Structures are given as structure tokens and as C-alpha cells.
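Below is one structure, written out as C-alpha cells; the observations come after it.
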Amino acid sequence: MDFLCLEFINSRWFARRKPFEDPLEQPEWLTRFCEKWDLPEPGTDAATLDVLRGLRGLLAEAAAEFRGLRGLSARLQARLNARLEAAPFSQRLEAAEDGRLRLGLVPCNRDPAWFSACVVRSFALLLTEYAPERLKCCANPECGWFFYDESKNQTRKWCDNACASLLKVRRFRSRAHPPAAR
Ligand SMILES: [Zn+2]
């Protein structure tokens, strides 16, 4: 399952690895992201970039705090609510692509505040409408990729096979060559 909020948070993964290019600094990435999720393009100036990085950091902190728990600190909750409250909207009954009706949200202003609110709303929906216990972070401590565990028994630990095999190799090596006793 694809979540807007997780794709946004995980963009930091690319910024930390070679060639260390932050997707938020790449206009093409932002354009694709906004098209995919039907968001207004927030802009590419330095001030906007700061806002986006702040939002990503806030969500990563909230995702890390929430993982395995049932709540968020009042401080984080207030910071998330501030982003939601900054973007007023109305509601409208409209036809979806499959011909069914859906209840759509119509922003009062399709501006950067709406962009932020949509990302936070996606995170809030994951915690409230989906199965929040399935929100996980890759077990490779150097990875930090967040994902929604859709495995039947909720046993998925890694973001992908690369991280899984890396850790298995490490565990095997530490068993094969236990540290010398002192
Ligand atoms: Zn990983």
C-alpha cells in the first residue's frame, strides 16, 4: 500500500546516500510527487525548502515515536494539528474515476499550506483509519526507511531484500566469529 506521507518521509533516505541528492531539492521529483498525489507544487525557493524539510523531520519524528505505541506526545500532536489547521477546506460530493461517488475535500486555497496539510492528513489517516501497528521502520539501524507492513502476520522487518540480506550476513558473521572473550 502506497501512502503519501511515507513517500514524503522516505525522501530523506535518498538525501543520506550517495550521491546525496535530496529529492526535495529536485524540481522534477517534486513535480512528479505533486502530480501523483494531486497536490499543489509548493515552490522551490530556499524558504519553502526549509518548510518542507521541517515537515519531513516532524513526520519522521512522529512516525518513530508512534511506532509500536498507541499515541503521540501532546507536543508532536500539537505540531501536527497546527499544519492541519492552517489549511481550511470545504467538502464536495463528486464522481470518482470508477464512476462511484466520493466525498472530496476542496481547499480554500491550493497553496503550500494545503500541501503540508495533505501530507500530515495522510499520516493521520494511517494512524486512525488503517492499522497503525503496521507502521514500521526498517530493522537495519542504518536504513531508516518507514513502511506499512502488509504481510499476513505482520512479520516484515526490512524495507527490502537488500537490508534483509545485509543483516543476515552480519548476524551470520558475528556467530561464526564471536568476539573474543575478555
Ligand atoms: Zn532498509
Contacts under 6 angstrom Cβ, first residue in region 145-167 being over 23 Å from A131 (Cα atoms) and within 11 Å of the ligand (Cβ to nearest atom), partner part of a loop (DSSP other than H, G, I, E, B) and open to solvent by 30 Å² or more (accessible area, probe 1.4 Å), 6 or more apart = A164/W158
Here are some residues: L24, L84, L55. Which one is in a helix (DSSP H, G or I), among the hydrophobic types (A, V, I, L, M, F, W, C) and in contact with a Leu (Cβ under 8 Å, 6 or more places away or on another chain)?
-> L24
Since A139 meets every condition but one in (1) more than 16 Å from the ligand (Cβ to nearest atom); (2) under 28 Å from L69 (Cβ atoms), which condition does it not meet?
-> (1)
Those residues of region 2-21 that are farther than 17 Å from V120 by Cα and in contact (Cβ under 8 Å) with a residue 12 or more places away in the chain come to a total of 2
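In region 103-148, which residue that is basic (K, R) and under 21 Å from Q77 (Cα atoms) is most open to solvent (accessible area, probe 1.4 Å)?
Taking the candidates together, the pick is R121.
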Failed item, numbered, when P132 is tested on (1) at pLDDT 80 or above; (2) of a type outside the set (D, E, K, R); (3) out of contact with any Leu (no Cβ under 7 Å at 6 or more places or on another chain) | (3)
Checked against (1) in a helix (DSSP H, G or I); (2) free of Cβ contacts under 8 Å to residues at least 24 places away in the same chain, A63 satisfies every condition except (2)
Among the numbered criteria (1) farther than 22 Å from Y148 by Cα; (2) surrounded by 16 or more Cβ atoms within 10 Å (Cβ to Cβ), which single criterion is violated by A47?
-> (2)
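The values are calculated or read from the model by the stated rules, or taken from the named source; none is laboratory data. Quick caveat: nothing in here was measured; it's all calculated off a predicted structure. Methodologically, a virtual Cβ is constructed for each residue, glycine included, from the backbone with ideal geometry; neighbour enumeration extends over all protein chains shown. What goes into the accessible areas is simple: the full protein's heavy atoms, side chains included, and nothing from ligands, DNA or RNA. Shrake-Rupley method; radii C 1.70, N 1.55, O 1.52, S 1.80 Å.
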